[in-house]
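What follows is a short report on a single structure.
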Amino acid sequence: MPKSGTIKSSRRNLLKGVGIATVGASLAPAGVAFAQGTPAAPSAAKGPKLLEMDGKAKLIVLGDKPLNAETPAEMTDDDVTPIDRFFIRNNGLVPDAPADAKAWKIKIDGEVEKPMEIALGDLMSRFPNVSYKMMLECGGNGRSFFSPEARGNQWTNGGAGCAEWTGVRLADVLKAAGVKPSAVYTGHYGADPHLSGDATKPSISRGVPIAKAMEPHTLIVFKMNGKDLPLIHGGPVRLIVPGWAGSTSTKWLTRIWVRDKIHDGPGMGGFSYRLAKTPIVPGSKGDPKDTVILEAMPVRAVISFPADGAKLASRKLDLRGHAWAGENEVKTVDISTDYGVTWKPAKVDAPPNKYAWQRFTASLDLPSAGYFEVWAKATDSKGVTQPFVAGNWNPQGYGGNPINRIRVLVAA
Amino acid sequence: MTQLNISHAVVITLTATFLLLGLDRAGELRGPQPTYTPRAAPAAPAAVADPDKGKPPPHNDTVDDLPDGKGREVTFYSCTACHGVALIKAQGLTRDLWDSTFDLMLERHKMVPVKAEERAEILDYLAEQFPPRRKGRNADNPFLK
């Protein structure tokens, strides 16, 4: 019998993990972090569960089965998210690690001239290998901001990370298989068993329009930050469909079925990964027929320093964070410390490549001691910005991207 | 048209033997068995890959992980056939939305169906224990005790 309770939760862990150790360790340079003041220990007696898993940091556990864990904002400060801090999203069980990763087979079939089954080792040597720093973001990121609650794992902003992914272009593989003019959509399958253990049920199978599959940043990936892709992140091989709902970036990839219609696998219907077409009353049942597929993720800025709940020793605050915008580039990030009455532009760095998040920094002089909310709002290259509250409520809570805020207390 | 041949006979005999031995908990048909002694030192495995390497720790809930109430047992056993109780406890839904959640589980996730009265009992339990409860945006202010 497997032992229960291996993912531990306690106030002690919370204080150790989030309150002090994490922030102190994660926010380089340390001197700057402490000059700005140590963050306050959260006052609530009941904290979140923290992940206890080899090779992973103490992420916040949203659910144990399937395992889903998000990265607290103050642990997202790296330009390239380290593997141990990268969020975990599963729909099913984690499959067994293969004895020989290079023998792992991927099938390409459906609307192609030459259906093929290729071993990972052959795939790696046959097609050009490319590396990009790209966002991977859970489709439900930001769900917890909806009111009333929307159904599903209650992600704050931590279902997102930017890793360096190495793989081959899906376009190169599809071209080798010869995409027929009848091809419309892809259907992706992975080796993760259904939660019930029933091998006949796929845990999830999503896809993308052919144009997105052929986009040169859409990759079949086998390395993450230069290391063999870890099992928990879909290793030995997964898709990365950057900027789009993470569920299309199939882990443990076994098959790409090229379809002559929009894919209809589990996770494509109902309210799954869909937004309400006609706005519905928040908290109502809605009509699954009146929905559209969530494709690119919405624009979002997240402050990574200081942490929410930080106590500041002085009124001077050098804050920083990352912003990203699905298919688009972030043009501006604006900061407000007075609930949106006035805004000040942050400095926004260019992305290293398309689909990477962008660093923003701002130096603020808070007007007094006391309590402040610091808000960060990104605007993309199309002029689209973030709402003040999560809008367009939908039963499964997609597209929640209200303006990010942290709460700080300046010492008297 | 069914004819018994030698291989049928063998299969039937073997099956019956295994069944008998399997059901023979008291060991009367097997005679005295050697007592079990653990092997002193397991032979070093020839570099067999550990299929669990890199997996998250196993997780199992018990019925006590759900709050007490009428319908707790049937809710626990129906829902945790697939997912953990943490997912249930994270929700705050009206009975209507719990009802459509049930449909989602049946249709999208291929849940094993339950009887109508069990469904009603589960929905009553979920709606009572996990109603919408999200408070205003300052309900969790870190500087308030």
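The values are calculated or read from the model by the stated rules, or taken from the named source; none is laboratory data. Just so it is clear, the model here is predicted, and its values are computed rather than measured. Because the Cβ atoms are built from the backbone with ideal geometry, glycine has one as well, and the counts that use them run over all protein chains shown. Side chains are part of the model used for accessible areas, which takes the heavy atoms of the whole protein and leaves out ligands, DNA and RNA. Shrake-Rupley method; radii C 1.70, N 1.55, O 1.52, S 1.80 Å.
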Sum up the charges of everything whose Cβ sits under 13 Å from the Cβ of A:Pro202, counting Lys and Arg as +1 and Asp and Glu as -1, but leave A:Pro202 out.
-> +3
Hey, which of these cross-link pairs are over 21 Å Cα-Cα: A:Lys49/B:Lys70; A:Lys56/B:Lys89; A:Lys331/A:Lys377; A:Lys212/A:Lys347?
-> A:Lys49/B:Lys70; A:Lys56/B:Lys89; A:Lys212/A:Lys347
Roughly how crowded by other chains is peptide A:270-277, in terms of the mean Cβ count from those chains within 10 Å of each of its Cβ atoms?
-> 1
Ranked output for segments B:65-74, A:384-393 by mean other Cβ atoms within 10 Å, highest leading, reads A:384-393, B:65-74
Out of segment A:98-182, which GluC sites (Glu not before Pro) are coil in DSSP terms and have no more than 10 other C-beta atoms within 10 Å?
-> A:Glu113
Where A meets B: accessible area buried, both sides, 1.4 Å probe, Å² | 4000
Shielding by partners, peptide B:54-67 (average Cβ within 10 angstrom, other chains) | 6
Please work out the C-alpha center-to-center distance from segment B:82-105 to segment A:266-293 and express it in whole Å.
-> 16
About its Cα centre, what dipole magnitude does segment A:288-353 give when the only charges are +1 on Lys and Arg Cβ and -1 on Asp and Glu Cβ, stated in debye to the nearest 20?
-> 380
Non-local amide H neighbours of A:Val179 (under 5 Å, H modeled in plane, Pro and chain starts lacking H): which ones?
-> A:Glu113
Average accessible area per residue (Å²) across segment A:242-368 - probe 1.4 Å, nucleic acids and ligands excluded = 40
Relative contact order (%) - chain A, alpha-carbon pairs under 8 angstrom, separation at least six | 17
Signed unit charges on C-beta, dipole axis of segment A:61-216, positive-most listed residue A:Ile88, A:Val112, A:Pro72 = A:Val112
Phi-based couplings in Hz for segment A:271-287 (Karplus 6.51, -1.76, 1.60; Gly and Pro marked x) = 9, 5, 6, 9, 10, 5, 7, 8, x, 10, 5, x, x, 8, 6, x, 10
Note, A:Leu366: beta-carbon cut-off 9 Å, +1 each Lys/Arg, -1 each Asp/Glu, net +1
Which number comes out as Rg/Rh for chain A once both Rg and the Kirkwood Rh are worked out on C-alpha atoms?
-> 0.97
Sort A:Tyr132, A:Tyr273 by accessible area with a 1.4 Å probe, largest first.
-> A:Tyr132, A:Tyr273
Averaged over peptide B:85-98, how many Cβ atoms belonging to another chain are found within 10 Å of each residue's Cβ?
-> 5
Please list, in chain and number order, the residues 5+ apart from B:Met111 or on another chain whose amide H is under 5 Å from its amide H, with Hs placed from the backbone.
-> B:Leu106
Divide by every residue of chain A the summed helix terms, -39500 (n - 2.57) for each DSSP H run of at least 4, and state the resulting mean residue ellipticity at 222 nm, rounded to the nearest 500 deg cm²/dmol.
-> -1500 deg cm²/dmol
Leaving out ligands, DNA and RNA, what percent of the accessible area of segment A:40-129 is carbon and sulfur, probe 1.4 Å?
-> 50
Under the classification rounded if a/c is under 1.5, otherwise prolate if a/b is larger than b/c and oblate if not, where does segment A:182-244 fall, given a ≥ b ≥ c as square roots of the Cα gyration tensor eigenvalues?
-> oblate
Probe 1.4 Å - accessible area at A:Asp334, Å² to nearest ten | 30
Once you have the Kirkwood Rh of segment A:177-303 from its Cα pairs, apply Stokes-Einstein at 20 °C and 1.002 mPa s and quote D in µm²/s.
-> 133
A correct Karplus calculation of ³J(HN,Hα) over segment A:162-171, with 6.51 cos²θ - 1.76 cosθ + 1.60, θ = phi - 60°, whole Hz and x for Gly and Pro, returns 10, 10, 8, 9, 10, x, 10, 6, 4, 4
Taking R0 as 30 Å and r as the Cβ-Cβ distance between A:Ala350 and A:Lys316, the FRET efficiency 1/(1 + (r/R0)^6), rounded to the nearest 0.05, comes to 0.65
